[in-house]
Amino acid sequence: MNLSIKNLLVLLACCGTLLLAGCKGKSTTNNYNIKVTVSGLVGGGVVLQDNLADNLAITGNGVFTFASQLSSNSTYSVTMLTSPSLPAQSCTLANATGTVASSDVTNITLTCVAPEFAYVASSGGSSVATYIINATNGALSSAGPSVTTGNSPVAFAMDPTGRFAFVANSTDKSISSYLGNLTTGLLVSAGPAVLLSNAPNALAVDPLSKFLLVTAGNSIVSYTFNANGVLSSAGTATTGNAPSGIAVISNSSNEYAYVTNGTDNTISGYSVNAAGVLTSLGVVAATGNKPSAISAAPNGAYVYVTNSTDGTISSYPVTATGTLGVATTVASGGNAPVSIAVSASGKIAYVANSTSNNVAAFSISAAGALSSIGTATTGNTPSSVSVDPSGAFVYVVNSTDNNISVYQLTATGALPATVTVLSVGSTPVSVVTAVK
C-alpha cells in the first residue's frame, strides 16, 4: 500500500511521541508513616492528633502509628487532644514537629509521669480519703470514695510500692489492712481488722515491703503480710514507756527499727530479720524532752527525731551494727514539733510544729546536719507532714481546722510564701503521699 509523504510523516511523529513517553516512565510519590512511642502511661483516654486531625487513640505503652501517611517534604505536628484520666497523669511530647524526609518518622515520644496520690486519715470520720496529686501545681482532687477504718484512727502507713496500706485504730485497738489500686490509687479492705491487746499509736512498713511494725502499750509488734495484704504475727518486743514513733531502715544486708519513747526520752533499737522477727538492741540513744516523731533518711544513714517539749530536732548517724551515733540538735523553727518527713532525695526535711501553727524546712548536708531554710504558716494544730515522692510539694494536715495545706516548693526545696487549702474529713491526723 502506497502512503503519501504527508501520512508517513504523521505516522512517524506519533511513533516518536509514544517512544518518548515510554522512555520517561511513570511518576511516583512515596508516603511515610508517623509513629509515636509511648511510655509510663497508666491512665486511659489519651488521644493524639497530627496537624490537628487524624485522631489516634493511645491504649497503653508501645509504638502507635497514625492512619494517614505523609509524603516527603510534608510537615507534621503531633499534639495531645485529650490527657490521661483514671488516674490523671502529666505527659510530655518530644520531637513532635518536623518535616518528613524519605523514611518513616520514628523519633516522636510521649512520656508520662507515674501518678502520685495523697492519703488522709481522719480520726473524727474514721476514714481514709484518697486524692490525686496534680503533677504541675500539687493541687489535690478526690480519686473517689473514702474507705472506712476502725474507730479513731491515729496513724496511716503505706508500703513503698503503693500496694499495701495499714491504719492504726486507737479506740478499737486494731489494725486495718487495705490493698491499693495501682491505677486509681483507691483503697479496698484486705479483710477483717487484726485486734491488739493495747491501743496502737504508731506504725511503719519496712523499705523492702516485708513487714509492718506497730507500737501498742509498751511494746512493738511485728507482722508479715501476704500478696492479699493479710497480716500474720511475727512476734513482739518490749519498748520504753509511751512509745510514740517508728522508723525502719535498710542498712546493707540488715534492717533496723527505731522507736521513740515519749516519757523515757530515749530511742529503742531493734534488728529485724527477713521473717520480721525482732531482736532488741536495747536503748540506742538518749533524746531531748518528749520525743515524738522519728523519720529515716532514704539511704538509711541517719534518723531524725522531733523533741516536742524542747522544740528541737535531733539527727543521729546509724552505724553498721544498727546502733546510733552522737546526735546533733537544732531548733525546730516553732513549738511542739510532732511530725517530720524527709524528701526522697534525702536532702530536705520538713517539720510540723503543732502549737506554733507552722511548718519548717531544713536542708540536710552530706553529714546529716540540718540547716533551716525557712518556715511557712499552716492551719491550726498541724499534726502530720508529708513530702511527695517527686520532692515538689509538701502537704500538712491541720487537725483543728479539718483541712490540708498544700505547698508548691521552690527549686531549692524551700517553702513558698503562698499556700492553698483543701477541706478534708473531721480531725485529720495523718497524711501520706505515694507514687504508683
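If you take Cα extents along the principal axes in Å from the coordinates, which of [x] 71, 45, 43; [y] 130, 44, 43; [z] 66, 52, 42 do you get?
[y]
List, in order, the whole-Hz ³J(HN,Hα) value for each residue of the stretch 167-175 obtained from phi through the Karplus relation with A = 6.51, B = -1.76, C = 1.60 and θ = phi - 60°; use x for Gly and Pro.
Taking θ as phi minus 60°, the curve returns 10, 8, 9, 5, 5, 7, 6, 8, 10 Hz for the stretch 167-175.
Specify whether the C-alpha gyration tensor of the stretch 31-112 places it in the rounded, prolate or oblate class, a ≥ b ≥ c being the square roots of the eigenvalues: rounded for a/c under 1.5, otherwise prolate if a/b is larger than b/c and oblate if not. Numbers along the way, then the final one.
On the way: a/c = 2.27, a/b = 2.04, b/c = 1.12.
Cα axes put the stretch 31-112 in the prolate bin.
Rounded to the nearest 500, what is the 222 nm mean residue ellipticity of the chain from helices alone, with -39500 (n - 2.57) per DSSP H run of 4+ residues and division by all residues?
Result for the chain: -1500 deg cm²/dmol, rounded to the nearest 500.
Using a Gaussian network model on the chain with a 10 Å cutoff between Cα atoms, which of 39, 103, 250 fluctuates the most?
Greatest mean-square fluctuation among the candidates belongs to 103.
Measure out, as a whole number of angstrom, how far apart the alpha-carbon centroids of the stretch 365-436 and the stretch 296-353 sit.
16
Given labels modelled 7 Å from the Cα in the Cβ direction, how far is it in nm from residue 242 to residue 188?
For residue 242 paired with residue 188, the spin-label model returns 4.2 nm.
Using the Cα centre of the chain as origin and beta-carbon charges of +1 (Lys, Arg) and -1 (Asp, Glu), tell me which of 131, 205, 378 is placed farthest towards the positive end of the dipole.
Final value for the positive-end residue is 131.
Fully extended, how many nm does the chain gain between residue 410 and residue 33 (0.36 nm per residue separation, minus their Cα-Cα distance)?
Full-extension gain reported as 131.5 nm.
Calculate the spin-label point distance for residue 426 paired with residue 198, positioning each point 7 Å from the Cα along the beta-carbon direction, and give it in nanometres.
Output for this residue pair reads 2.9 nm.
Can you compute the modelled spin-label distance between residue 344 and residue 53, with each label point 7 Å from Cα toward Cβ, in nm?
Each label point is offset 7 Å from its Cα along the Cβ direction, giving 4.2 nm.
So, counting K/R as plus one and D/E as minus one, what does the shell of residues with Cβ under 14 Å around residue 208 add up to?
Here the charged neighbours net out to -1.
Would the stretch 240-353 count as rounded, prolate or oblate if I go by the C-alpha gyration tensor, calling it rounded below 1.5 in a/c and otherwise prolate when a/b exceeds b/c, oblate otherwise?
In terms of gyration-tensor shape, oblate.
Is the stretch 164-258 best put as rounded, prolate or oblate by its Cα gyration tensor, with a ≥ b ≥ c the root eigenvalues, rounded for a/c under 1.5, and otherwise prolate when a/b is larger than b/c, oblate when not?
Taking the square roots of the gyration eigenvalues as a ≥ b ≥ c, the stretch 164-258 is oblate.
How far is helix 5-24 tilted, in degrees, relative to the longest principal axis of the Cα atoms in the chain, given as a value from 0 to 90 rounded to the nearest 10?
Roughly 10 degrees between the two axes.
About the Cα centre of the chain, how large is the charge dipole given +1 on each Lys and Arg Cβ and -1 on each Asp and Glu Cβ? Please answer in debye to the nearest 20.
1000
Rule-based calculations on the coordinates, nothing more; no lab input. A quick note: this is a predicted structure, and the numbers were derived from the prediction, not measured. Here Cβ is always computed from backbone atoms with ideal geometry, including for glycine, and neighbour counts include all displayed protein chains.
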